């Protein structure tokens, strides 16, 4: 709602830094998710290892943002939309850290899959991956733009994600029901598709937090946005 | 039940016999046994409005109610049969700068009762003890009731002024920035006291501290240039105000 700057320039700077760091964390998290998928589909061990190493940056940013938020609250005691921005940023960074952890899990399982022969069924991950990445992108854009409509659009993407996830899971489970020499890889793929879905779910959490930030309404767990 | 104890209807007030209005048509209902905070920048009329509630502005020759009315318990406080002195027994006031009389602690609290003609020592003793307990000061001063009130710390003097106010058992306590001259510990004690007093009294507090308003009050009214901009539950005002003006003010965006 407010478009005027604060009288305290240091307060404005602290809020702006918080937002920029959260957005940067979003960029790094997205990069880790993309690299994990590349590692899997391109059978690239080095990229998988890079994802595991790069997670440290995301972890450190989470700690920094939590610390900065604490200091900001103690120093400036924000109210209303300022307070919601700080709280939302802290919650978003927690979700981003979880997403990056899932990227690491995907990379670790991908390393195992890479050891064995190529599987055409890996491509079944792609629709879920594309959808989850789109959800993450849109959720972070809604935070950046303070756009409730964009955040609501992320929620609407969930059905499609679920459909893709179900399709891949079904295919992998079917493979596991019969004797198969690549059973370990199919087992790993069922884990991976689950984590990809979780990335989409956590992006929904981010979108819900953005809606709270902008409208002060909590729509989690089935709540609806009032006009 | 929280009925509306104080009702302001289109109240206008002027310091210069009506030439300019300091308060411009404020309508507001203040519920019983709750804390209502008035906030707003200096000169917005919040203290003036507070002083209208017990007709303290009557003491200024050129002051004038230009329109509207104030009703307390349904009674128009400016009606011809209402005596301002009598009104102030029911609507007590605590000021920004604590102002105990240069008398003993006991006499400060007993003063209001004495001018009502009460002389019975047992009655006075009981009222002094009740009021000092009510203002959370009894344990600190019970062994030195006959010593000068001016020997107390600032925070204690302010709580003594609150004891003096509640000794006459008013319905309403008006507080005009009661903690602005106090340190954080004394402020916390007064705020704790306000929270306890809410059980028995209707409190209206003017404060410049947004944190204080959000901590102690149930409802908050934001004023600007003599007008009531927004009045709502305190949680709403500080978490999601409906007016941009309110949000700008409470978050320090006011130019």
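The values are calculated or read from the model by the stated rules, or taken from the named source; none is laboratory data. Everything quoted here is computed from the prediction, not taken from an experiment. So basically every Cβ, Gly included, is an ideal-geometry build from the backbone, and we count neighbours across all protein chains shown.
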**Message:** I'm trying to understand the selection: among the residues of the stretch A:134-152, which are within 16 Å of residue A:32 (Cβ to Cβ) and touching a helix residue (DSSP H, G or I) at 6+ places or on another chain (Cβ under 6 Å)?
**Reply:** A:135, A:136, A:139, A:140
**Request:** Kindly indicate whether any position in the stretch A:90-97 is farther than 21 Å from residue A:147 by Cα, modelled with pLDDT of 95 or more and touching a helix residue (DSSP H, G or I) at 6+ places or on another chain (Cβ under 9 Å).
**Result:** yes
**Request:** Select from the stretch B:31-63 the residues that are surrounded by fewer than 17 Cβ atoms within 10 Å (Cβ to Cβ) and on the phi > 0 side of the Ramachandran plot and list them in ascending order.
**Result:** B:43
**Prompt:** Of the residues A:197, A:178, which single one is at pLDDT 95 or above and farther than 30 Å from residue B:239 by Cα?
**Reply:** A:197
**Asked** Which numbered condition trips up residue A:43, out of (1) within 14 Å of chain B (Cβ to nearest Cβ); (2) at positive phi?
**Response** (1)
**Prompt:** within 27 Å of residue B:208 (Cα to Cα), part of a helix (DSSP H, G or I) and modelled with pLDDT of 95 or more: does that describe residue B:51?
**Reply:** yes
**Prompt:** Would you say residue A:89 is in contact (Cβ under 8 Å) with a residue 24 or more places away in the chain, more than 14 Å from every other protein chain (Cβ to nearest Cβ) and crowded, with 18+ Cβ neighbours inside 10 Å?
**Reply:** yes
**Complete:** All-but-one check, residue A:106 against (1) surrounded by fewer than 21 Cβ atoms within 10 Å (Cβ to Cβ); (2) away from chain B (no Cβ under 14 Å), failing number (1)
**Asked** In this structure, is residue A:72 touching a helix residue (DSSP H, G or I) at 6+ places or on another chain (Cβ under 6 Å) and at pLDDT 95 or above?
**Response** yes
**Complete:** Given (1) modelled with pLDDT of 95 or more; (2) not in a helix (DSSP H, G or I), residue A:144 misses just (2)
**Message:** I'm checking my understanding of the structure. Among residues of the stretch B:137-155 that are part of a helix (DSSP H, G or I) and in contact with a helix residue (DSSP H, G or I) (Cβ under 7 Å, 6 or more places away or on another chain), which one is nearest to residue B:127 (Cα to Cα)?
**Reply:** B:138
**Prompt:** When the residues of the stretch A:1-20 are filtered to those that are without any contact (Cβ under 8 Å) to a residue 60 or more places away in the chain and closer than 14 Å to residue A:65 by Cβ, which remaining residue is farthest from the other protein chains (Cβ to nearest Cβ)?
**Reply:** A:20
**Request:** Please enumerate the residues belonging to the stretch B:64-87 that are touching a helix residue (DSSP H, G or I) at 6+ places or on another chain (Cβ under 8 Å), without any contact (Cβ under 8 Å) to a residue 40 or more places away in the chain and surrounded by 17 or more Cβ atoms within 10 Å (Cβ to Cβ).
**Result:** B:77
**Message:** Tell me which strands (runs of 3 or more DSSP E) are completely within the stretch B:156-255 and hold 2 or more residues being within 14 Å of chain A (Cβ to nearest Cβ), or say none if there are none.
**Reply:** B:219-224, B:227-233
**Prompt:** Could we say that residue A:86 is within 17 Å of residue A:206 (Cα to Cα), under 13 Å from the mean Cα position of the chain (by Cα) and in a helix (DSSP H, G or I) here?
**Reply:** no
